[in-house]
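Asker: I'd like to ask you about the structure that follows.
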Amino acid sequence: MSFTVAIDGPAAAGKGTISKGVAAHFGFAHLDTGLLYRAVGRRTLDGTDPIEAAHALTPDELERGDLRTAKIAQAASKVAVISEVRAALVDFQRSFARREGGAVLDGRDIGTVICPEAEVKLFVTASAEVRAERRYLELNAKGTDVTREQVLADVRERDARDAERSAAPMKPAADAVLLDTSDLSIEAALAHAIVLIENKRPATH
Ligand code: CDP
């Protein structure tokens, strides 16, 4: 049986932590679809054509530990506006979503384009300031030398590019549940997501 949870939202809203927590709680597989765009973006930094990079992408490239830098995030959001890049990544995401045992995918267009038939759709958001502060603390803990102002500017720039592009723009699906985590701890947001999913799961008896 397949069961898909789609979790979308802007940069650093808490999608990753909520998705991992949901996957661990229900025993679902988890795909962070941002890594696909980050891996393509990383390849373009050494001059590779983005469309070719998207077609040549292999799952093991997603395992590389160096994809979560601000530079690669910017490169990712630039390749993500190209509709041919997005199209090359659709099949992989859809087959992941329909695997046996349940799957959670987080990104920008999962509930709208990749899995419009997902059983549960969440749109996780928070104010740009709260999100930038979370990302700043994350980068700081990894020893990255950035200022709060740089992180906020990066988050705002990517949000604008992601929301304004014509190919699969970031937006909540009409039937998505909105989860604003500005005044909510990530633990509380996860607990909320778990209850929502529990209510949508088919009865096992
Ligand atoms: O972790 P964070 O929320 O900062 O970013 P991410 O989820 O790793 O995504 C990096 C970039 O990939 C985003 O800014 C989007 O431009 C793009 N992306 C996308 O277009 N569609 C997705 N389903 C996931 C990511």
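The values are calculated or read from the model by the stated rules, or taken from the named source; none is laboratory data. These numbers were taken from a predicted model, which means no experiment stands behind them. Counting neighbours? That spans all protein chains shown, and the Cβs are built from the backbone with ideal geometry, glycine included. Surface areas here come from the heavy atoms of the whole protein model, side chains and all, with no ligands, DNA or RNA. Shrake-Rupley method; radii C 1.70, N 1.55, O 1.52, S 1.80 Å.
Asker: Leaving out ligands, DNA and RNA, what percent of the accessible area of the stretch 4-200 is carbon and sulfur, probe 1.4 Å?
Answerer: With neighbouring chains kept in place, the figure for the stretch 4-200 is 54 percent.
Asker: For q values of 0.12, 0.14, 0.15, 0.22 Å⁻¹, compute log₁₀ I(q)/I(0) with the Debye formula on a Cα-only model of the stretch 1-112, without solvent.
Answerer: At q = 0.12, 0.14, 0.15, 0.22 Å⁻¹ the computed log10 ratios are -0.40, -0.54, -0.62, -1.27.
Asker: How high is the relative contact order of the chain, in percent, with contacts defined as C-alpha pairs under 8 Å that are six or more residues apart?
Answerer: 34
Asker: What size of dipole, in debye to the nearest 20, comes out for the chain about its Cα centre when the only charges are +1 on Lys and Arg C-beta atoms and -1 on Asp and Glu C-beta atoms?
Answerer: 40
Asker: Cut-off 10 angstrom, C-alpha nodes, Gaussian network model of the chain. Which of T33, T48, T125 fluctuates the most?
Answerer: Fluctuation is largest for T48.
Asker: Compute the accessible area per residue over the stretch 4-200, keeping the other protein chains in place, probe 1.4 Å, unit Å².
Answerer: 46
Asker: Past 32 Å, Cα to Cα: identify those pairs from K78/K200; K71/K121; K78/K121, in the order given.
Answerer: K78/K200
Asker: While we're looking at this one, here's another question. Might you work out the accessible area of I51 for me, using a 1.4 Å probe with all protein chains in place, and round it to the nearest 10 Å²?
Answerer: Its heavy atoms expose roughly 50 Å² to the probe.
Asker: If one computes the Cα centroid of the stretch 25-102 and of the stretch 146-205, what distance in Å separates the two points?
Answerer: First find each Cα centre; the distance between them is then 18 Å.
Asker: Hey, could you get me the Stokes-Einstein D for the stretch 47-156, Kirkwood radius over alpha-carbon pairs, 20 °C and 1.002 mPa s, rounded to whole µm² s⁻¹?
Answerer: Value of D from the Cα-based Kirkwood radius: 133 µm²/s.
Asker: Let me ask something else about it. Normalise the Cα radius of gyration of the stretch 4-200 by 2.2 N^0.38 Å (N = residues in it) and let me know the number.
Answerer: That ratio works out to 0.97.
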